[in-house]
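Next up is a structure, given as structure tokens.
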Amino acid sequence: MILIHLNNVPQTLQQPLSLQALLEAQNISQQSVALVLNEAVVPRHRWSSILCHHEDKIDVFAVVAGG
Amino acid sequence: MLTVAGVEFESRLFTGTGKFSSSQLMLEAINASKSQLVTVSMKRIDLKTGADDLLTPLRQAGVRLLPNTSGARNAKEAIFAAELAREMLGTQWIKLEIHPDPKYLMPDAVETLTAAQILCERGFIVMPYVHADPVLCRRLEDVGCAAVMPLASPIGTNQGLVTEPFIKMIIEQARVPVVIDAGIGAPSHAAHAMELGADAVLVNTAIASSASPIEMALCFRDAVNCGRRAFEAGLGRVQTQAVHTSPLTGFLQQ
């Protein structure tokens, strides 16, 4: 079992998922988000090859209205 | 035609997307404004509610997106936000704003200059939101900013061109486009900024918080166009003494 912190919410994964699989499991549209792993922005092309590790801090950002 | 970093804009009205009562109204107002450069922010997704898809309709509207670094309190956070925006939106353009003070949202000049230099070195098209400080604007130009965005008055206050004397100095000195940002509360403020020779204005609150945002967007569109045309036509000199416009021969007596 792996414990991760996704947008500050603790989540348990039964098996190591790639970042891409994690987004899919959360039903997050991948087109319009950016992903931060342990405070570093992860380029989109690497999402499928990076696996979540225990205690990873993962943040998903999206565009919102602003001035 | 306005050119910023080699990109041409027919419209000199830039708009924000915040504070509209609905996304639909925001899109209709932007469409009415004819704005071609539109600011957006970024935020962590709420996993329970998901994220509103703002991007798809904005991209369909054909506008260029200008992500901002709102929420950043120092240069480090702003640089992180810019990297995030580049990854998310595939754009090098960034509205650099660093305002640690929540009461007046005054931009931090030192942190902004530090962040601007690093972001320019990393290839970003940097448009910094700053106080109307002519010296700072020159420094930002020197480190490679594509434009400068001095404030008219504090964000969202609708006070208009409180900083007018300094805006005039910035316009006089600038070698990059000057975009008047923040505090423009009425179409007349926007027209006045354009008459002074500003290259563009950025308006959000005044349109979004109007009772009729679409109508207000049309008013700002016309005001910006009118102000620019007046600037190009050339305004008359301001004088203290009257100068007659009609012959002064006292014809009734002669």
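The values are calculated or read from the model by the stated rules, or taken from the named source; none is laboratory data. Note that the coordinates shown come from a computational prediction; the quantities given were computed from them, not determined experimentally. Neighbour counts are summed over all protein chains in view; Cβ atoms, including those assigned to glycine, are modelled from backbone coordinates with ideal geometry. We work out accessible area using only protein heavy atoms, side chains counted, and drop any ligands, DNA or RNA first. Shrake-Rupley method; radii C 1.70, N 1.55, O 1.52, S 1.80 Å.
Restricting to region B:121-133, name every residue that is surrounded by 18 or more Cβ atoms within 10 Å (Cβ to Cβ) and part of a helix (DSSP H, G or I). Working first, answer last.
The first filter runs over region B:121-133 and keeps only residues surrounded by 18 or more Cβ atoms within 10 Å (Cβ to Cβ), leaving B:124-130, B:132-133.
Scanning region B:121-133 gives no hits.
Let me ask something else about it. When you scan region B:87-102, do you find a residue that is open to solvent by 20 Å² or more (accessible area, probe 1.4 Å) and basic (Lys, Arg), even just one?
Checking region B:87-102: not a single residue is open to solvent by 20 Å² or more (accessible area, probe 1.4 Å) and basic (Lys, Arg).
Report, by residue number, each residue of region B:159-186 that is buried (at least 22 other Cβ atoms within 10 Å of the Cβ) and either farther than 16 Å from B:Val148 by Cα or out of contact with any Cys (no Cβ under 6 Å at 6 or more places or on another chain) (or both).
Across region B:159-186, the qualifying residues are B:Leu161, B:Ile167, B:Val178, B:Val179, B:Ile180, B:Asp181, B:Ala182, B:Gly183, B:Ile184.
Let me ask something else about it. When both residues are 6+ apart or on different chains and their Cβ atoms are under 6 Å apart, which pairs have a first residue that lies in region B:210-221 and is hydrophobic (A, V, I, L, M, F, W, C), and a second that is in a loop (DSSP other than H, G, I, E, B)?
As it stands, the answer is B:Met216/B:Ser210, since those pairs meet every condition given.
All but one of (1) within 25 Å of B:Arg122 (Cα to Cα); (2) open to solvent by 40 Å² or more (accessible area, probe 1.4 Å); (3) within 21 Å of the chain's Cα centre (by Cα); (4) within 11 Å of chain A (Cβ to nearest Cβ) hold for B:Arg73; state the number of the condition that does not hold.
Condition not satisfied by B:Arg73: (4).
Just to be sure I understand, how many residues within region B:1-40 are part of a loop (DSSP other than H, G, I, E, B), open to solvent by 20 Å² or more (accessible area, probe 1.4 Å), of a type in the set (S, T, N, Q) and within 19 Å of B:Asp53 (Cβ to Cβ)?
Residues in region B:1-40 being part of a loop (DSSP other than H, G, I, E, B), open to solvent by 20 Å² or more (accessible area, probe 1.4 Å), of a type in the set (S, T, N, Q) and within 19 Å of B:Asp53 (Cβ to Cβ): 2 in total.
Could you say which residue among B:Pro57, B:Pro67 is over 20 Å from the mean Cα position of the chain (by Cα), within 12 Å of chain A (Cβ to nearest Cβ), open to solvent by less than 60 Å² (accessible area, probe 1.4 Å) and closer than 19 Å to B:Thr39 by Cβ?
Details: B:Pro67 fails: over 20 Å from the mean Cα position of the chain (by Cα).
Unique residue meeting the criteria: B:Pro57.
In region B:41-53, what residues are open to solvent by 20 Å² or more (accessible area, probe 1.4 Å) and within 10 Å of chain A (Cβ to nearest Cβ)?
B:Met42, B:Lys43, B:Arg44, B:Asp46, B:Leu47, B:Lys48, B:Gly50, B:Ala51, B:Asp52, B:Asp53
Given the structure, is A:Glu24 more than 8 Å from chain B (Cβ to nearest Cβ) and not in a loop (DSSP other than H, G, I, E, B)? Break it down stepwise before answering.
Values: more than 8 Å from chain B (Cβ to nearest Cβ): yes; not in a loop (DSSP other than H, G, I, E, B): yes.
It is true that A:Glu24 is more than 8 Å from chain B (Cβ to nearest Cβ) and not in a loop (DSSP other than H, G, I, E, B).
Specify which of the listed residues (B:Ala147, B:Ala116) is touching a residue at least 60 places away in the same chain (Cβ under 8 Å), buried (at least 20 other Cβ atoms within 10 Å of the Cβ) and of a type in the set (Gly, Ala, Ser).
Working: B:Ala116 fails: touching a residue at least 60 places away in the same chain (Cβ under 8 Å).
Unique residue meeting the criteria: B:Ala147.
Has region A:24-38 got at least one residue that is more than 11 Å from the chain's Cα centre (by Cα) and among the hydrophobic types (A, V, I, L, M, F, W, C)?
Going through region A:24-38, the residues more than 11 Å from the chain's Cα centre (by Cα) turn out to be A:27, A:29, A:31-32.
Right, trim to among the hydrophobic types (A, V, I, L, M, F, W, C) and you get none.
So far as region A:24-38 goes, no, none of its residues is more than 11 Å from the chain's Cα centre (by Cα) and among the hydrophobic types (A, V, I, L, M, F, W, C).
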